[in-house]
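The values are calculated or read from the model by the stated rules, or taken from the named source; none is laboratory data. In this text, all values refer to a predicted model and were calculated from it rather than measured experimentally. Every residue, glycine among them, receives a Cβ derived from its backbone with ideal geometry; neighbour counts consider all protein chains shown. Quick note on the areas: whole protein, heavy atoms, side chains included, nothing else; ligands and nucleic acids left out. Shrake-Rupley method; radii C 1.70, N 1.55, O 1.52, S 1.80 Å.
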Amino acid sequence: MPQAEHVTAGYTVRLLGGFELRQGDRTIAASPSAQRLLAYVATRRALVNRGTAARALWPDYPDPRPAANLRSTLWRLRREHGGGPVLSTVRGLELRRDTVVDVHTVHAKAAALSSAPDAAWDLDLAVLRQDVLPDWAEEWLLPTREWFRQVRLHALETLCTRHCRYGRFDAALEAGLAAIDCEPLRESAHRAIVRVHLAEGNPAEALRQYEVYRRLAGSELGLRPSQQFRALIAHLLGRPMDARAT
């Protein structure tokens, strides 16, 4: 009988909430330097220059130490995990094609909310509440953190709006409140929640949410709600939408 072909399970790199490397259903231990290298490559969509990666990962070391540290880390990955999900060539570093990175998976599902509204209802609110490697202090992570913060905020607001449209008010409020928990000063998230209260027939709740934002924006930023927000609840305030706040 012909032997069954051996198929190696693909890798999964988790960056949300904390680092984890998995192959299939098995968690793989990785050294701190390997974790940082994997996270760096996973947060870059294009081929990574080896010198750029070395200087970013070991910024406090003088040349040629960063390059030596990178070679050592890649050697350990090859020895212990067959290279893991990282492919190293003379052109640079990249992930294997079958590697799954959680932030990119969530981003794809969030993007599908706009292009295919019924295709992304499986977005997990618990995942959308998480930051990218929140306990790490690396500066090279800052752009990715801010990018994903915007991804999850827009996704949560979109979920809030979509759930409200279909009369799923509990789910809509949960998504809207998750957005506010992520960024309390985000007016569009407060507006989304007000729309849910209005759709549900709870004007007092709508006014209460408006007042929460009005006080917060005033105390933290010295701002008042936008005309768009005031217009949303103008009929409840009993005054023209462009009236000055007292």
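Distance between the C-alpha centers of the range 160-218 and the range 86-108? Whole Å please.
37 Å
Could you give the dipole magnitude of the range 51-190 about its Cα centre, charging the beta-carbon of Lys and Arg +1 and that of Asp and Glu -1, in debye to the nearest 20? Let's see the in-between values first.
Working: 18 positive and 20 negative charges, 136 e Å.
In debye, rounded to 20, the range 51-190 gives about 660.
Full-extension gain between R215 and N69, please, as 0.36 nm times their residue separation minus the C-alpha to C-alpha distance.
Gain in length upon complete extension: 47.4 nm.
Give the relative contact order (percent, whole number) for the range 29-115; include only Cα pairs under 8 Å separated by 6+ residues.
Computed value for the range 29-115: 29 percent relative contact order.
Once R0 is set to 35 Å, what does the formula 1/(1 + (r/R0)^6) return for the Cβ-Cβ distance between T105 and H235, expressed as a FRET efficiency to the nearest 0.05?
That gives a FRET efficiency of 0.25.
Above 21 angstrom, tally the Cα pairs of the chain and express them as a % of all pairs, no decimals.
66 percent
With labels modelled as points extended 7 Å from the Cα through the Cβ direction, what inter-label distance (nm, one decimal) is found for R79 paired with D60?
2.5 nm
Positive end of the charge dipole of the chain (Lys, Arg +1 and Asp, Glu -1 on Cβ, about the Cα centre): tell me which of N69, G24, L142 has its Cα farthest that way.
Farthest along the dipole direction, towards plus: N69.
Mind listing which trypsin sites (Lys or Arg not before Pro) in the range 52-100 are in a DSSP loop and have 10 or fewer other Cβ atoms within 10 Å? Don't jump to the answer; show the numbers that get you there.
Details: sites: R55, R71, R76, R78, R79, R91, R96, R97; in loops: R91, R96, R97.
Those satisfying the criteria are R97.
Can you give me the relative contact order of the chain as a percent, contacts being Cα pairs under 8 Å and 6 or more apart? Walk me through the numbers on the way to the answer.
Details: 272 pairs, mean separation 34.0, N = 246.
Relative CO of the chain lands at 14 percent.
Rounded to the nearest 500 deg cm²/dmol, what is the calculated helix-only ellipticity per residue at 222 nm for the chain, with -39500 (n - 2.57) per DSSP H run of length n ≥ 4?
For the chain, the value works out to -17000 deg cm²/dmol.
Might you work out the accessible area of W75 for me, using a 1.4 Å probe with all protein chains in place, and round it to the nearest 10 Å²?
120 Å²
What nm distance separates the two modelled labels at D25 and T89, each placed 7 Å from Cα along Cα→Cβ?
Taking the simple label geometry, D25 and T89 are separated by 3.4 nm.
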